[in-house]
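The values are calculated or read from the model by the stated rules, or taken from the named source; none is laboratory data. Predicted model, so just to flag it, every value in this text is computed and none were measured. Ideal geometry is used to build each Cβ from the backbone, glycine not excepted, and the neighbour counts take in all protein chains shown. Quick note on the areas: whole protein, heavy atoms, side chains included, nothing else; ligands and nucleic acids left out. Shrake-Rupley method; radii C 1.70, N 1.55, O 1.52, S 1.80 Å.
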Amino acid sequence: MITIQEIQARLRDAIKTATISKKELAKRLGINQSTVSKYLYLDKYPSLETFANLCEILDVSADDILGLS
């Protein structure tokens, strides 16, 4: 079973690997920085469109973030 905490941890790792700040990521996604933090630490989920854009910006596959590969 995949948990939100595992997905959030993989997102945090992807951001570190991409060496992009939460502020820059939020700017590129067109959302508030606090919203990015909620995706990473709280039970707030991005829309499918935002999730796809997150993966594209971070140059990581959705399967990797979701733990499917």
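State the number of residues belonging to segment 55-69 that are touching a residue at least 60 places away in the same chain (Cβ under 8 Å) and in contact with an Asp or Glu (Cβ under 8 Å, 6 or more places away or on another chain).
1
Using the structure shown, decide if Tyr45 is in contact with a Phe, Trp or Tyr (Cβ under 8 Å, 6 or more places away or on another chain), surrounded by fewer than 17 Cβ atoms within 10 Å (Cβ to Cβ) and within 18 Å of Leu66 (Cα to Cα).
So Tyr45 fits the description; yes.
Looking at (1) open to solvent by 60 Å² or more (accessible area, probe 1.4 Å); (2) touching a Lys or Arg at 6+ places or on another chain (Cβ under 8 Å); (3) in contact (Cβ under 8 Å) with a residue 12 or more places away in the chain, which one does Ile2 not meet, given that it meets all the others?
Status for Ile2: all satisfied but (2).
Within segment 7-18, is there a residue that is among the small types (Gly, Ala, Ser), loosely packed, with under 13 Cβ neighbours inside 10 Å and at pLDDT 95 or above?
The answer is no, given that none of the residues of segment 7-18 is among the small types (Gly, Ala, Ser), loosely packed, with under 13 Cβ neighbours inside 10 Å and at pLDDT 95 or above.
Can you find, within segment 28-42, the residue that is most open to solvent (accessible area, probe 1.4 Å) among those that are assigned to a helix (DSSP H, G or I) and either out of contact with any helix residue (DSSP H, G or I) (no Cβ under 8 Å at 6 or more places or on another chain) or small (Gly, Ala, Ser) (or both)?
Taking the candidates together, the pick is Lys38.
Being among the small types (Gly, Ala, Ser) and part of a helix (DSSP H, G or I) is the filter; apply it to segment 15-27 and report the residue that is farthest from Asp59 (Cα to Cα).
Per the criteria, the residue is Ala26.
Among the residues of segment 43-69, which ones are part of a helix (DSSP H, G or I) and acidic (Asp, Glu)? Step through it out loud before you land on a result.
Step one: list which residues in segment 43-69 are part of a helix (DSSP H, G or I), which gives 48-58, 62-66.
Answer for segment 43-69, where residues must be part of a helix (DSSP H, G or I) and acidic (Asp, Glu): Glu49, Glu56, Asp63, Asp64.
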